[in-house]
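Novice: Take this structure first; my questions come after.
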Protein chains: 2
Amino acid sequence: MLERNGTVGKAIEVLDQVADRGRPVRFSELLEESRFPKATLYRFLQSLVGQGMLAYDAERQTYMPGLRLVRLAHAAWQHSSLAPIARPHVDALAEVVREAVHLAQIDHGHVIFVDKRKKTNMFDTLAQTGLIAPSYCTGVGKAILAFLPEETRSEALKMQAFVPYTPHTHRSPKSLWPELDQIRDEGIAFDREEHEQGIISVAAPIIPDQRRVVGAISIATSTSRRSLDELKTLSPTLRETASRIAAEVQPWQFPN
Amino acid sequence: MLERNGTVGKAIEVLDQVADRGRPVRFSELLEESRFPKATLYRFLQSLVGQGMLAYDAERQTYMPGLRLVRLAHAAWQHSSLAPIARPHVDALAEVVREAVHLAQIDHGHVIFVDKRKKTNMFDTLAQTGLIAPSYCTGVGKAILAFLPEETRSEALKMQAFVPYTPHTHRSPKSLWPELDQIRDEGIAFDREEHEQGIISVAAPIIPDQRRVVGAISIATSTSRRSLDELKTLSPTLRETASRIAAEVQPWQFPN
DNA sequence: AAACTCGGTTTCATTATATGGAACCAAAAC
DNA sequence: GTTTTGGTTCCATATAATGAAACCGAGTTT
């Protein structure tokens, strides 16, 4: 993500920085973590606020993501996400398994959740949509990675830091590769508490045609509710759902 | 929205153009509607695609909004929207009235729906979040406009085209002003099929303190289900909900 | 109260970047 | 085989971004 892009790239970099921190940020905070000099950063922020991409709280002198993004995302959601297509299938699956169902796609090496459903307690449903997670330590992430064309995959992994979230997290591409081979074989991926302690999941890739994987769907639960083996028994159902979704993807959708 | 801003402004203008059209767009389409020359537009698109703000379909040679936006919007959603705060109240209201409940904020003169709930048939719920609508012909829009400080309001109205969606739509600020006065008086706004034929709504502004309005909440229905008079009987309930939401807004949130 | 910080904002000469007319290219239409 | 259409690249020029330094206002310290 260090490609040299023009002014817009830099501006978006700033936008990202603000969005990444989960709270309103002061100018000075941004300044130290940013590679830009004072005046430059300042002008970027001005521009972004002017466009509504950021909101500025004059009182507290803090910046936060702006509403304009919500509007833009609405369009993205409709066109570039699996969510609208997959919705009924996600619903149905959630109804059957009574566990959290996640729908994800990959974007610049990050897994991005484009839909979530949880029939048990229905709060919090879509609030988490748009959340991102690393690919190398999540079920959906590995399911997608495994079926990505060679080049795209190493590209995606290259920009990963391999943060050891839990004792089970893969430490490097070395240990990940064999697992990806296996996933490609079996058509199913598992998250064995690799991202969050106590959280496990099964995931199946969504593959509309031989050439490409467009996303993945997973069933997640906590170790206190179910064991990994129990979860494994849901694999066929999951795969079934995944292929049903895949069947509805048009050949022209979701270009790589 | 015609302020001359630097390169970022222009780039975002292009981004908007792509997002506004509700479908993948060709380069040539964008070219004719854009004020930029070929090469310039081309490079903007390249940049935006490079950043993941747009996705490019090489096959069909079309551009569409990119997933990166979904990710960014997630952050915006959490910080700059009323949605997280209002959620339980919106839920409760939807449960009681059994009609569509909309939560909206204003952004650059546009009403932007940050949450929607419909307890009758639950599909389509949040799919429409992020949708925008004009302020001058919607219940939520007028409720907000009425309580906006003088200057901000005319600012907001200035960038409106006053499109006559239905026979009941206000044609100009002239006819809108008296109604806004009345809304300010009564603390409640109505949409009398002004935006969509057959759709009516009641809306109440969300006013955390005397100085500012941060959004509005509305109950919408179709004329075939209920009359406007029936809808009016729900005003107290609606106002009650609005003030409950307002009470939870912290003084530092939602700067103007 | 004068001097000093500590954010944040503005200036301005310099430099890097965006610009856009024109040329170019590939594929489709004639 | 030629022309048109739609998209991409070149390159000299104009423009906008840059960032060091100065500035400003509101606290703090001396």
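Novice: Could you work out how much longer the chain between B:SER222 and B:ALA247 gets when fully extended? Use 0.36 nm per residue separation minus the Cα distance between them, nm to one decimal.
Specialist: Extra length from B:SER222 to B:ALA247 when fully extended: 6.0 nm.
Novice: Show which lysines lie in cross-link reach of A:LYS116 when reach means a straight Cα distance below 23 angstrom and same-chain residues fewer than eight apart are skipped.
Specialist: Within the straight-line limit of under 23 Å, A:LYS116 reaches these lysines: A:LYS142, A:LYS232, B:LYS116, B:LYS118, B:LYS119.
Novice: Set Lys and Arg Cβ to +1 and Asp and Glu Cβ to -1, take the dipole of chain A about its Cα centre, and tell me which of A:GLN105, A:TRP77, A:GLN46 lies farthest positive.
Specialist: A:GLN46
Novice: Give the angle, between 0 and 90 degrees and rounded to the nearest 10, that separates the Cα long axis of helix A:7-20 from the longest principal axis of the Cα atoms of chain A.
Specialist: It works out to around 70 degrees.
Novice: So who's got an amide H within less than 5 Å of the one on B:ILE206, skipping anything under 5 residues away but keeping other chains? H placed 1.01 Å off N, in plane.
Specialist: Placed amide hydrogens put B:VAL214, B:GLY215, B:ALA216, B:ILE217 under 5 Å from B:ILE206.
Novice: Cα centroids of the range A:167-217 and the range A:34-80: how far apart, whole angstrom?
Specialist: If we compute the Cα centre of each part, the gap is 34 Å.
Novice: Let me ask something additional. Under 16 Å from a point placed 7 Å out from the Cα of B:ARG98 along the Cα-to-Cβ direction: which residues of the range B:209-240 have their backbone N that close?
Specialist: In the range B:209-240, the label zone of B:ARG98 (backbone N under 16 Å from the point 7 Å along Cα→Cβ) covers B:220-222, B:224-227, B:230-231, B:234.
Novice: Measuring from the axis that superposes chain B on chain A, report the chain B residue with the minimal C-beta distance, rounded to whole Å.
Specialist: B:ALA73, 2
Novice: So the label point sits 7 Å from Cα along the Cα-to-Cβ vector; using that for A:SER224, what distances do you get to the other copies, in nanometres, sorted shortest first?
Specialist: Reported distances to equivalent positions: 4.9 nm.
Novice: Could you pull out every residue, at least 5 positions away or on a different chain, whose amide H is within less than 5 Å of the one on A:GLU99? Hs are placed 1.01 Å off N in the peptide plane, and Pro or chain starts have none.
Specialist: Close amide H contacts, sequence-distant or interchain: A:LYS119.
Novice: From the backbone phi of the range B:86-102, what are the Karplus-calculated ³J(HN,Hα) couplings (6.51 cos²θ - 1.76 cosθ + 1.60, θ = phi - 60°) in whole Hz, Gly and Pro given as x?
Specialist: Once rounded to whole Hz, the list reads 7, 2, x, 6, 4, 4, 4, 5, 4, 5, 6, 7, 6, 9, 5, 10, 10.
Novice: Here's a follow-up. Per residue and in cubic angstrom, what volume does the convex hull of the Cα atoms of chain B have?
Specialist: 150 Å³
Novice: Say a label goes 7 Å from Cα toward Cβ at B:ARG192 in every copy; what distances in nm does this one have to the rest, shortest first?
Specialist: Spelled out, the distances from B:ARG192's label point are 6.9 nm.
Novice: In degrees from 0 to 90, rounded to the nearest 10, what is the angle of the helix B:235-248 Cα long axis to the longest principal axis of chain B?
Specialist: The helix B:235-248 is inclined about 60 degrees to chain B.
Novice: Would you please give the FRET efficiency between B:GLU150 and B:LYS174, computed as 1/(1 + (r/R0)^6) with r the Cβ-Cβ distance and R0 = 22 Å, to the nearest 0.05?
Specialist: Working: r = 16 Å, r/R0 = 0.74.
For B:GLU150 and B:LYS174, the calculated efficiency is 0.85.
Novice: Another question, if that's okay. Between the helical axis of A:173-186 and the dominant principal axis of chain A, each derived from Cα atoms, what acute angle in degrees is found, rounded to the nearest 10?
Specialist: Helix A:173-186 sits roughly 40 degrees off the main axis of chain A.
Novice: How far apart, in nm, are the 7 Å Cα→Cβ label points at A:MET159 and B:ASP209?
Specialist: If labels sit at A:MET159 and B:ASP209, their model points lie 4.2 nm apart.
Novice: Same structure, new question: Taking the alpha-carbon distance from A:LYS38 and a cut-off under 21 Å, which lysines remain once sequence neighbours fewer than 8 residues away in the same chain are dropped?
Specialist: Output for A:LYS38: A:LYS10.
Novice: Continuing with the same structure: If you place +1 on the Cβ of every Lys and Arg, -1 on the Cβ of every Asp and Glu, and leave all else neutral, what size is the dipole of the protein assembly as shown about its Cα centre, to the nearest 20 Debye?
Specialist: Roughly 400 debye for the protein assembly as shown.
Novice: Something else about it: If packing is taken as the mean number of other Cβ atoms within 10 Å per residue, what is the order of B:103-110, A:31-38, highest first?
Specialist: With the highest mean Cβ count within 10 Å placed first, the list reads B:103-110, A:31-38.
Novice: What is the spin-label model distance, in nm, from B:ARG26 to B:GLU59 if the labels are put 7 Å beyond Cα along the C-beta direction?
Specialist: Once both label points are built, they end up 1.8 nm from each other.
Novice: Which residues does the label zone of A:GLU240 cover in the range A:81-119, counting backbone N under 12 Å from a point 7 Å along Cα→Cβ?
Specialist: Residues A:93, A:96-97 fall inside that zone.
Taken together, the values in this text are just the output of simple stated rules run on the coordinates, not laboratory data. Bear in mind the structure is a predicted one, so any value in this text is a computation, not a measurement. Cβ atoms come from the backbone with ideal geometry, glycine included; neighbour counts cover every protein chain shown.
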